[in-house]
Protein chains: 2
Amino acid sequence: MAEQKQIRFGILGCATVARKLARAISLAPNATISAVGSRTAEKAAAFAAETECPATAKIYGSYDAVLDDPDVDAVYIPLPTSLHVRWAVLAAQKKKHILVEKPAALNVAELDQILAACESSGVQFMDGTVWTHHPRTAKMKEFLSDPLRFGQLKSVHSIVSFLVSADSLKNDIRVKPDLDGLGALGDAGWYCIHAILWANDYELPESVTAVREPEVNEAGVILSCGASMKWKDGRVATFYCSFLAIFSTDICAYGTKGKLRVHDFVIPFAPQSAPFYTFESYRLIEHGVAAELPQDVLMVMEFCNLAGSGRAPEKKWAVISRKTQLVVDAVNASIHNGFETIEVVY
Amino acid sequence: MAEQKQIRFGILGCATVARKLARAISLAPNATISAVGSRTAEKAAAFAAETECPATAKIYGSYDAVLDDPDVDAVYIPLPTSLHVRWAVLAAQKKKHILVEKPAALNVAELDQILAACESSGVQFMDGTVWTHHPRTAKMKEFLSDPLRFGQLKSVHSIVSFLVSADSLKNDIRVKPDLDGLGALGDAGWYCIHAILWANDYELPESVTAVREPEVNEAGVILSCGASMKWKDGRVATFYCSFLAIFSTDICAYGTKGKLRVHDFVIPFAPQSAPFYTFESYRLIEHGVAAELPQDVLMVMEFCNLAGSGRAPEKKWAVISRKTQLVVDAVNASIHNGFETIEVVY
């Protein structure tokens, strides 16, 4: 095998959420951090020190400077969601591959601007949903796809919740209408919706209806919500996402012959042997799937493989992001339109 | 302790579903089968032989004969749901205590006739939902009620499903509009709704909205459906019930400090040590709860304790049945009214 090209990352913004992925970039053999940009050079320098960036990484006091650096092949964008469209479009226009935190955008119109810019520049796009890159996810999919073990999918329920402190519920970036206006729906809900689409082979539901009633903070940002979805052959799904309930990341999928349960799908508690449970032939079976590297490192490696392949970008990830965003938008529309049923069209 | 009065049961109807409870009546120390009635004496005799009824049990070729027998203190009614109101009201009028299979009635108007007859005659009422009588249920409730371990309830999801054969989906009693017109909603759905109410301390939701779309058979009887429910403080619940998916009986309840999971709540796979799972203080704990007797025997014993107590009937069970029926009715109304949100009022 020829030596792989190392993708040189520029990090746009130094949010806490960025630290974990900065470490993943450092650990990925085909990636390196070559630049860190923040609104001040001091913040960028502090971030680089905390995350053990290589000494060669350049420190910038602006995001533009990162985009203008010819030694940057790709950008990782952990900025508040409302800023994604601006910086992802600019980065793509400057021929940088795009790895953007989820939710990919505030709505599908903004995401489409990002995807159009990526398409036009021929750069790779991926959102930062890491769990799909853990080998457990492929193993679970194998079960769901098996007509003898699982049969046809009938119903999926997903929940992602965690407790955000009372203070953060007022002041955190994730609940500021001008920064992450989707609140729990864009954050925890993105995972639920992605999981439901994943279980449905990324087939979009025909329609989505929000569950009465979401909880909101004083600014009207969603702190908890849910929805139901339907497909034309009787398949249904429901989810609940929340900043107000104990830490949970569950998928329960029910088929005509078997069922699947996973209770730590977003981040495996024991990543070296991530468990899931199947009920097949009327027996409960525990499975453990090992991963040689953390799932975020695997995601970075996959992204860099694609970005450095020299081939046309892999569209799969853009399509998955767009479908997830479409359903996020539909839930949001249902919530803001008296819980009416919203049709989903790609 | 004084020797307990033995409650003498008459069984009205010899459906397959009745066999299990006939055995439970035989095993309960404070119950005995004193009469079996069917539409023909031959069917009643065959049933009595199959279920090892005592040799003293009288065999009747009509339900009326059972109700006229002065040696019958209580009746167990496993008839199709559409017949409950007629026979339960008649039985109550003849001063028989009433143990009726679930769903208690086709709708709350019919159930209210039954409950009024029981009230007027001063007889005990209970529906045949057995899982609440397993000691595991009390143990799980202890956890849900603990403000330190579980906190406040935020969301519950329940699923009850099992596969009914293609032939039965056309011809089984449970899917005949004139016999059990509620289909999967009255059968599997009764359990889901009861479980959700149980988790909510039997507080009724403010409103119920059916999930699009139920599946129905050629006669329009529900084969699978679901709904969401809301309480005024942001609590929500969803359920899925089905005759078309693999055997499942799950409750997942999420609180502010902990969560509860049980995957065999209707009938424990291993009744001698029925498991449930809590997540508390960020640790997953498996609990096993032993039962000295099968849960259906425990239900019969509880019923007979109340019926034979000489005190006024215990209203708790009627209230629980009525609340469950109210929510069943609301889901049914939502399904038949364009999935509109139905308010629930006791």
>> Show the residue pairs meeting these rules: Cβ distance below 8 Å; 6+ apart or different chains; first residue within segment B:142-159 and within 13 Å of chain A (Cβ to nearest Cβ) and under 11 Å from B:THR256 (Cβ atoms); second residue among the basic types (Lys, Arg) and part of a strand (DSSP E or B).
In response: B:PHE150/B:LYS259
>> Every residue in segment B:260-276 that is surrounded by fewer than 16 Cβ atoms within 10 Å (Cβ to Cβ) and either under 17 Å from B:THR249 (Cβ atoms) or touching a Gly at 6+ places or on another chain (Cβ under 6 Å) (or both), please.
In response: B:PHE269, B:ALA270, B:SER273
>> Which count do you get for residues in segment B:26-35 that are closer than 18 Å to B:LEU306 by Cβ, out of contact with any helix residue (DSSP H, G or I) (no Cβ under 6 Å at 6 or more places or on another chain) and buried (at least 16 other Cβ atoms within 10 Å of the Cβ)?
In response: 1
> Does segment A:232-243 contain any residue that is among the aliphatic types (A, V, I, L, M) and either more than 30 Å from B:LEU163 (Cα to Cα) or over 18 Å from the mean Cα position of the chain (by Cα) (or both)?
Replying inline: yes
>> If I ask for residues that are in contact with a Lys or Arg (Cβ under 8 Å, 6 or more places away or on another chain) and either of a type in the set (S, T, N, Q) or over 23 Å from A:ALA105 (Cα atoms) (or both), which ones from segment A:34-67 would you list?
In response: A:SER34, A:ALA35, A:PHE47, A:GLU50, A:THR51, A:GLU52, A:GLY61, A:SER62
> Quick check, is B:LEU306 within 9 Å of chain A (Cβ to nearest Cβ) and outside any strand (DSSP E or B)?
Replying inline: no
> Which condition breaks for B:GLU52 when tested against (1) under 18 Å from B:ALA24 (Cβ atoms); (2) among the charged types (D, E, K, R); (3) touching a residue at least 40 places away in the same chain (Cβ under 8 Å)?
Replying inline: (3)
> In segment B:213-230, what count of residues is obtained for those that are at the interface with chain A (Cβ under 9 Å from one of its Cβ atoms), hydrophobic (A, V, I, L, M, F, W, C) and in a loop (DSSP other than H, G, I, E, B)?
Replying inline: 0
> Just to be sure, is A:THR256 surrounded by fewer than 24 Cβ atoms within 10 Å (Cβ to Cβ), under 30 Å from A:LEU148 (Cα atoms) and among the polar types (S, T, N, Q)?
Replying inline: yes
> Does B:LYS323 satisfy being under 24 Å from B:GLY122 (Cα atoms) and out of contact with any helix residue (DSSP H, G or I) (no Cβ under 6 Å at 6 or more places or on another chain)?
Replying inline: no
> surrounded by fewer than 21 Cβ atoms within 10 Å (Cβ to Cβ) and either aromatic (Phe, Trp, Tyr) or not assigned by TED's automatic domain parsing to the domain that holds B:ASP73 (or both): does that describe B:ILE335?
Replying inline: no
>> Going by what's in this entry, would B:ALA312 be described as assigned by TED's automatic domain parsing to the domain that holds B:GLU203, outside any helix (DSSP H, G or I) and of a type in the set (A, V, I, L, M)?
In response: no
>> Restricting to segment B:309-324, name every residue that is crowded, with 19+ Cβ neighbours inside 10 Å and either in contact with a strand residue (DSSP E or B) (Cβ under 9 Å, 6 or more places away or on another chain) or closer than 23 Å to B:GLU213 by Cβ (or both).
In response: B:PRO313, B:TRP317, B:ALA318, B:ILE320, B:SER321, B:THR324
> Do you know which residues across segment A:276-310 are within 17 Å of A:TRP131 (Cα to Cα) and free of Cβ contacts under 8 Å to residues at least 60 places away in the same chain?
Replying inline: A:TYR277, A:GLY288, A:GLU292
>> Considering only residues that are surrounded by fewer than 24 Cβ atoms within 10 Å (Cβ to Cβ) and under 21 Å from the mean Cα position of the chain (by Cα), which ones fall in segment B:152-179?
In response: B:PHE162, B:LEU163, B:VAL164, B:ASP172, B:ILE173, B:ARG174, B:LYS176, B:PRO177, B:ASP178, B:LEU179
>> Is it the case, given these coordinates, that B:VAL164 is at negative phi, within 14 Å of another protein chain (Cβ to nearest Cβ) and part of a loop (DSSP other than H, G, I, E, B)?
In response: yes
> So A:GLU203 clears everything in (1) in a loop (DSSP other than H, G, I, E, B); (2) within 11 Å of chain B (Cβ to nearest Cβ); (3) closer than 24 Å to A:VAL344 by Cβ except one condition, right? Which one?
Replying inline: (2)
> In segment A:277-303, how many residues are within 14 Å of another protein chain (Cβ to nearest Cβ) and within 21 Å of the chain's Cα centre (by Cα)?
Replying inline: 0
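The values are calculated or read from the model by the stated rules, or taken from the named source; none is laboratory data. Note that this is a predicted model, so its numbers are computed, not measured. Cβ: placed from backbone, ideal geometry, glycine included. Neighbour counts: every protein chain shown.
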